[in-house]
């Protein structure tokens, strides 16, 4: 999965660079379409895959504020004082 994400990120960068190149040198409207396609690709394909890869096998309860986590934070705060 790590290599797939690297390849997709490079593809995303290449599409954006190509879009800016086409926009500046050849055709403004065509360049805008290429850039827009690249942004959509990044937002709807690359980003969800990246987030899934980073968050799999993690406990979400470690990152949410529950009564248990709040009490742990209060105990640590009391020990410092």
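Laboratory data are not the source of any read-out in this text; all were calculated from the coordinates shown. Since this is a predicted model, take the numbers as computed values, not measurements. Please note: Cβ atoms are built from the backbone with ideal geometry, for glycine as well, and neighbour counts cover all protein chains shown.
Listing for the model above:
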{"quantity": "Selection count where residues are assigned to a helix (DSSP H, G or I) and either touching a residue at least 40 places away in the same chain (Cβ under 8 Å) or surrounded by fewer than 13 Cβ atoms within 10 Å (Cβ to Cβ) (or both), scope the range 10-44", "calculated": "13"}
{"quantity": "Residue in the range 25-32 that is under 30 Å from residue 56 (Cβ atoms) and in contact with a helix residue (DSSP H, G or I) (Cβ under 7 Å, 6 or more places away or on another chain) present", "calculated": "no"}
